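The values are calculated or read from the model by the stated rules, or taken from the named source; none is laboratory data. Model, not experiment: these values are computed from the prediction. Positions of Cβ are backbone-derived with ideal geometry, glycine not excepted, and every protein chain shown enters the neighbour counts. We work out accessible area using only protein heavy atoms, side chains counted, and drop any ligands, DNA or RNA first. Shrake-Rupley method; radii C 1.70, N 1.55, O 1.52, S 1.80 Å.
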Amino acid sequence: MRNTIKECESPGIKGEKKYCATSLESMIDFSTSQLGKDPKAISTEVEKPTGMLQKYTIGNGVKHIRHSKSVVCHKMKYTCPVFYCHSTQATKAYVVPLEAENGTKGKAVAVCHTDTSSWNPKHLAFQVLNVKPGTVPICHFLPEDHVVWVSN
């Protein structure tokens, strides 16, 4: 909970607008303020979650979500619902078809941050990938309880 409060109260990085939403209505209001009327929500979905960890293979038909701006809302750990939402322009989003070893199908949202030059050099992504800020895009999948909003 302490990390959620810290993240919500800290200033955004250069070019980022951020907001901690505590309701669906406030999440939609922030997304609309950044993207215009009737934003579309996209999230990772799995056909029949089993509760078990599965190994997935990326299928054919990766789709680039072609929007110049998006809002991403990440579910945070807290005693009530809190979503850390942020809008950046240097982000690309994709919908990626997946198939698990047991045949379960799904679609995952992947986000690529194309300009990481203003990120904290100690960010976990740089340590794991052994790269420096601003040198390469940083891409990751979003869990099922996170939402990407794009203009409709």
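With 28 Å as the limit, the listed pairs 18/107; 6/107; 18/48; 92/132; 105/132 have 6/107; 18/48; 105/132 beyond it between alpha carbons.
Checking [x] 23; [y] 38; [z] 43 against the coordinates, the calculated percent of Cα pairs over 24 Å apart falls under label [y]. Accessible surface of the chain, 1.4 Å probe: 54 percent of it comes from carbon and sulfur atoms. Considering only GluC sites (Glu not before Pro) in DSSP loops that have at most 15 other Cβ atoms within 10 Å, the longest stretch of the chain without any of them is 48-100.
For the listed peptides 32-39, 109-116, a ranking on the average number of other beta carbons within 10 Å per residue, highest first, reads 109-116, 32-39.
For the peptides 81-87, 56-62, 102-108, residues were scored by their other Cβ atoms within 10 Å and the scores averaged per peptide; the highest-first order is 81-87, 102-108, 56-62. Near residue 20, the amide H atoms lying under 5 Å from its own belong to 85; only residues 5 or more places off or on other chains count, and H is placed 1.01 Å from N. Entry comment: accessible area of the chain is 65 Å² per residue, from protein heavy atoms only and a probe of 1.4 Å.
For the chain, give the magnitude of the charge dipole about the Cα centre (Cβ charges: +1 Lys/Arg, -1 Asp/Glu; no others), in debye to the nearest 20.
With Lys and Arg at +1 and Asp and Glu at -1, about 340 debye.
3J(HN,Hα) couplings calculated from phi for the stretch 77-87 with the Karplus curve 6.51 cos²θ - 1.76 cosθ + 1.60 (θ = phi - 60°) are, in sequence order, 7, 6, 6, 9, x, 9, 10, 7, 9, 8, 10 Hz; Gly and Pro show x. Estimated purely from DSSP H runs of n ≥ 4, each contributing -39500 (n - 2.57), the mean residue ellipticity at 222 nm for the chain is -5000 deg cm²/dmol once divided by its residues. Largest first, the residues 22, 88 sort by 1.4 Å accessible area into 22, 88. Above 19 Å, the calculated P(r) of the stretch 1-68 contains 59 percent of its Cα-Cα pairs.
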